[in-house]
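Read the figures in this text as sums done on the coordinates, not as results from a lab. Quick caveat: nothing in here was measured; it's all calculated off a predicted structure. Because the Cβ atoms are built from the backbone with ideal geometry, glycine has one as well, and the counts that use them run over all protein chains shown.
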Amino acid sequence: MQDVTILNKLVERADLVVAIGVKFSHNGAAGFNLGLPQAKLVAVNVAGASRNYPARLHVTGDAGAVARDLLARLVDAFDAAAAEPAVRAVVTPAAR
């Protein structure tokens with residue numbers, strides 16, 4: 001139960017939780033004690049949307065393919081943001 005307490009504290013502080021390839025089963029969600037508010041959850045799963053933990057956005061697809069595409073888009077967005085003078089002072093290549 002200690003692990004769930006730590007996870008719930010992290011989720012509470014998060015703006016967004018992206019769950020890729022996660023099956024929210026009874027065991028996987030610590031007896032459904034995992035606190036995942038629908039408003040914060042984006043889920044990617046080939047099996048379809050979870051009835052146990054509904055998500056704000058659900059993507060039905062291959063977790064690996066979606067993760068690779070998402071990462072590529074994040075890198076592009078990061079590079080574009082880093083080109084902005086106001087962001088350049090905060091974001092450095094070492095942050096990658």
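Can you tell me which of 67-77, 33-43 comes out highest on packing, and rank the rest after it, using the mean Cβ neighbours within 10 Å?
33-43, 67-77
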Subject >> Residues A72 and K23, FRET efficiency given R0 of 35 Å [Cβ-Cβ distance, rounded to 0.05] >> reply: 0.90
**OP:** For region 1-81, go through all pairs of different Cα atoms, get the mean of 1/r, take its inverse, and jot down that Kirkwood value in Å.
**Re:** 13.6
